[in-house]
1. Looking at the range 194-243, which of the residues that are of a type in the set (A, V, I, L, M, F, W, C), part of a strand (DSSP E or B) and away from the ligand (no atom under 16 Å from the Cβ) is farthest from the chain's Cα centre (by Cα)?
2. Every residue in the range 94-127 that is basic (Lys, Arg) and within 15 Å of the ligand (Cβ to nearest atom), please.
3. Can you name every one of the strands (runs of 3 or more DSSP E) wholly within the range 1-90 that holds 3 or more residues which are in contact (Cβ under 8 Å) with a residue 24 or more places away in the chain, touching a strand residue (DSSP E or B) at 6+ places or on another chain (Cβ under 8 Å) and surrounded by 17 or more Cβ atoms within 10 Å (Cβ to Cβ)?
4. Return yes when LEU275 is over 14 Å from TYR201 (Cα atoms) and either surrounded by 15 or more Cβ atoms within 10 Å (Cβ to Cβ) or in contact with a Phe, Trp or Tyr (Cβ under 8 Å, 6 or more places away or on another chain) (or both) and no when it is not.
5. Say whether the condition of being among the β-branched types (Val, Ile, Thr) and either farther than 22 Å from SER204 by Cα or under 24 Å from the mean Cα position of the chain (by Cα) (or both) is met by at least one residue in the range 85-93.
6. Pick out the one residue from GLU325, GLU300 that is open to solvent by 10 Å² or more (accessible area, probe 1.4 Å) and assigned to a strand (DSSP E or B).
Amino acid sequence: MAKAKSSKKTVHSIATLGSHCALQVLKGAKDEGFRTLLVCEKRRLDLYRRFPFIDEMLPVDRFDEVVGDRCRRYLEQANSIIVPHGTLIAQMKSQDIEKIATPIFGNKWILRWEADRNLKEKLMNESGLATPRAVASKDKVDKLCIVKLHGAAGGRGYFLAWNRETFEEGARKLIENKSIVSEDDLYIQEYISGVPVYLQYFYSPISGRLELMGIDRRYESDVDGIGRIPAKQQLGSGVEPSYNVVGNIPLVLRESLLDEVYKMGEKFVQAARKLVPPGMPGPFCLEGVYDREGKFTTFEFSARIVAGTNLYIDGSPYSGLIYDEPMSMGRRIAREVKMAVKTGRLEEVIT
Ligand code: ATP
């Protein structure tokens, strides 16, 4: 897909959708001297009115109105760019995101690669990352597997299966509660046991530098709560572990693992540049599991800011090594826009 042509030379305001990490993004934009604009569902206006760093709100009934003429004109007049986040990916189809005429921070074409399971695998393989084995069919389930729904569902509805019967049982429940239409809507993957870790990066085309901005792990219901129930009661309770994200927990890694963390991020940036021009400007996240040997297997990436960065509005143990001021991911994005405008290179950080 060709890159959108834009002659944009400067930016007055930074906009995002009212959800996910909007507060962090707009607080960071304000701290860097931009005006801030929130495209906000009417039902959430009261929440966001509480925050004085939001200069303007554009009320909508649904987020997909952001593709429409009214939003486009409003954002154009405000000389705004949009910072995309998980809600945009979850609520809009890739083709609609690509149609958004307002400039998007980062590479909007790569968001399709995040949403599409096959493209995602292709990019992770090109990056040389170790990934879990995909299991072709329910007949091939012969050890512990995780069964996933397509798209960014925040782990909702995922279940574990270890043979054909347990797969069918889990699938039947999802069909009954209308989460899926048929078993074909499911994707089976080898389960990696260990510690799930989310690596939050920022790649700057302006400085040519990859920054590790923070690390977190998720707190997921019910899988993380299940350990609070003793084994005897667990067996009798019929609790089904699911992976619905409820929050995020900060994490620092053993320092000896960091070299590999940077190398994985750099390989991802190189692969993205090759497969999806203009590559991976801005925030992204590699999501995986460290096993008992300290080997990282990546099960997922996000090609945009992730909600785990909300932990670090005042900076993280890693951003603090690079910046002598509180540097959230939201603020880092705004800083990049500022540097790009100043050096006449805005086109390199927006699509
Ligand atoms: P999002 O798009 O919001 O990141 P998602 O719906 O794509 O979420 P994942 O991040 O892929 O969901 O997975 C949700 C959770 O499932 C993870 O946090 C992790 O706990 C678990 N998980 C996913 N894949 C594996 C795997 N192969 N082995 C072990 N655990 C896994």
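The values are calculated or read from the model by the stated rules, or taken from the named source; none is laboratory data. Predicted model only: the values in this text are computed from it and were never measured. Because the Cβ atoms are built from the backbone with ideal geometry, glycine has one as well, and the counts that use them run over all protein chains shown. Heavy atoms of the whole protein, side chains included, go into the accessibility calculation; ligands, DNA and RNA do not. Shrake-Rupley method; radii C 1.70, N 1.55, O 1.52, S 1.80 Å.
1. Taking the candidates together, the pick is LEU210.
2. ARG112, ARG117, LYS120
3. 13-17, 35-41, 80-82
4. Judged against the criteria, LEU275 is a match.
5. yes
6. GLU300
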